[in-house]
Amino acid sequence: MKILTWSKKDGQILVSDPDLRPLFQNDYERNLGLKILSFYDKLDVISKNYEIHVLCEWLYELCVVFTEFYSNCRVVDEFGVVDQNRVFLCEATQVSLRSGFELVGIRAVDVM
């Protein structure tokens, strides 16, 4: 997936700190975090009602919320400082999208 293709800095891949406890600094981060957390609720609805379209709608909504986040929040600022909370949100988004795509039978594209 292309979400983390920007994550190479000085030849190193940026990865969030495993001990990080994310703090949401604005509504874009909060909305993305809440959308990611709703993944398991959607899976519960799907498993009870056999409504796979609920997952497709959630995947679309996650993409919209991530685009809003990425357009308005710098992960790496102009001085090269990395915001670990935002790296974490990008990683969580990528994992969520991959999981959702796998469930509906879509292969994620790494390069466009």
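The values are calculated or read from the model by the stated rules, or taken from the named source; none is laboratory data. These numbers were taken from a predicted model, which means no experiment stands behind them. Glycine also receives a Cβ, built like all others from the backbone with ideal geometry; neighbour counts cover every protein chain displayed.
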Original post:
Out of the residues in segment 41-67 that are touching a helix residue (DSSP H, G or I) at 6+ places or on another chain (Cβ under 8 Å) and charged (D, E, K, R), which is surrounded by the most Cβ atoms within 10 Å (Cβ to Cβ)?
Top reply: LYS42
**OP:** Residue by residue through segment 68-79, note down the ones that are surrounded by fewer than 11 Cβ atoms within 10 Å (Cβ to Cβ) and either within 30 Å of GLU51 (Cβ to Cβ) or modelled with pLDDT under 90 (or both).
**Re:** ASP77, GLU78, PHE79
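Restricting to segment 80-103, name every residue that is loosely packed, with under 13 Cβ neighbours inside 10 Å, at negative phi and either in contact (Cβ under 8 Å) with a residue 24 or more places away in the chain or not in a helix (DSSP H, G or I) (or both).
So the first thing to find is which residues in segment 80-103 are loosely packed, with under 13 Cβ neighbours inside 10 Å, and the list is 80-81, 102.
Now restrict to residues that are at negative phi: 81, 102.
Passing the criteria: only VAL81.
Identify all residues within segment 24-40 that are loosely packed, with under 11 Cβ neighbours inside 10 Å and either touching a residue at least 40 places away in the same chain (Cβ under 8 Å) or under 25 Å from SER71 (Cβ atoms) (or both); write none if there are none. Step through it out loud before you land on a result.
In the first step, residues of segment 24-40 are kept if they are loosely packed, with under 11 Cβ neighbours inside 10 Å; the result is 26, 40.
Of everything in segment 24-40, just one residue is loosely packed, with under 11 Cβ neighbours inside 10 Å and either touching a residue at least 40 places away in the same chain (Cβ under 8 Å) or under 25 Å from SER71 (Cβ atoms) (or both), namely ASN26.
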Subject >> Qualifying positions in segment 30-53 - closer than 15 Å to VAL95 by Cα and not in a helix (DSSP H, G or I) >> reply: SER38
